[in-house]
Amino acid sequence: GKVNASLALAIVERVLLRHGAELQVRNRAGGGLAFQISLPAA
């Protein structure tokens, strides 16, 4: 079946936030999505 991308993204974001990370999603100029994950310095 087809995976619901927005649901999967919400789950990933929740996990990242739990670890203190930050997820940024941007639209790329050429189409598609660009993901940037910022992890806190240990």
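The values are calculated or read from the model by the stated rules, or taken from the named source; none is laboratory data. Computed from a predicted structure; not experimentally measured. Glycine also receives a Cβ, built like all others from the backbone with ideal geometry; neighbour counts cover every protein chain displayed. Note: areas computed on protein heavy atoms with side chains; ligands, DNA, RNA excluded. Shrake-Rupley method; radii C 1.70, N 1.55, O 1.52, S 1.80 Å.
Side notes on the structure shown:
- Relative protection proxy for 27-37, 9-19, from highest mean packing down: 9-19, 27-37 (other beta-carbon atoms within 10 angstrom).
- Karplus-derived HN-Hα couplings along the range 7-24 (A = 6.51, B = -1.76, C = 1.60, θ = phi - 60°), whole Hz, x at Gly and Pro: 5, 4, 5, 5, 5, 4, 5, 5, 5, 4, 4, 5, 9, x, 8, 10, 10, 10
- For the chain, carbon and sulfur atoms together expose 57% of the accessible surface, with a 1.4 angstrom probe and every protein chain in place.
- Which label in (i) 1.10; (ii) 2.00; (iii) 1.33 gives the computed Cα Rg over 2.2 N^0.38 Å: (iii)
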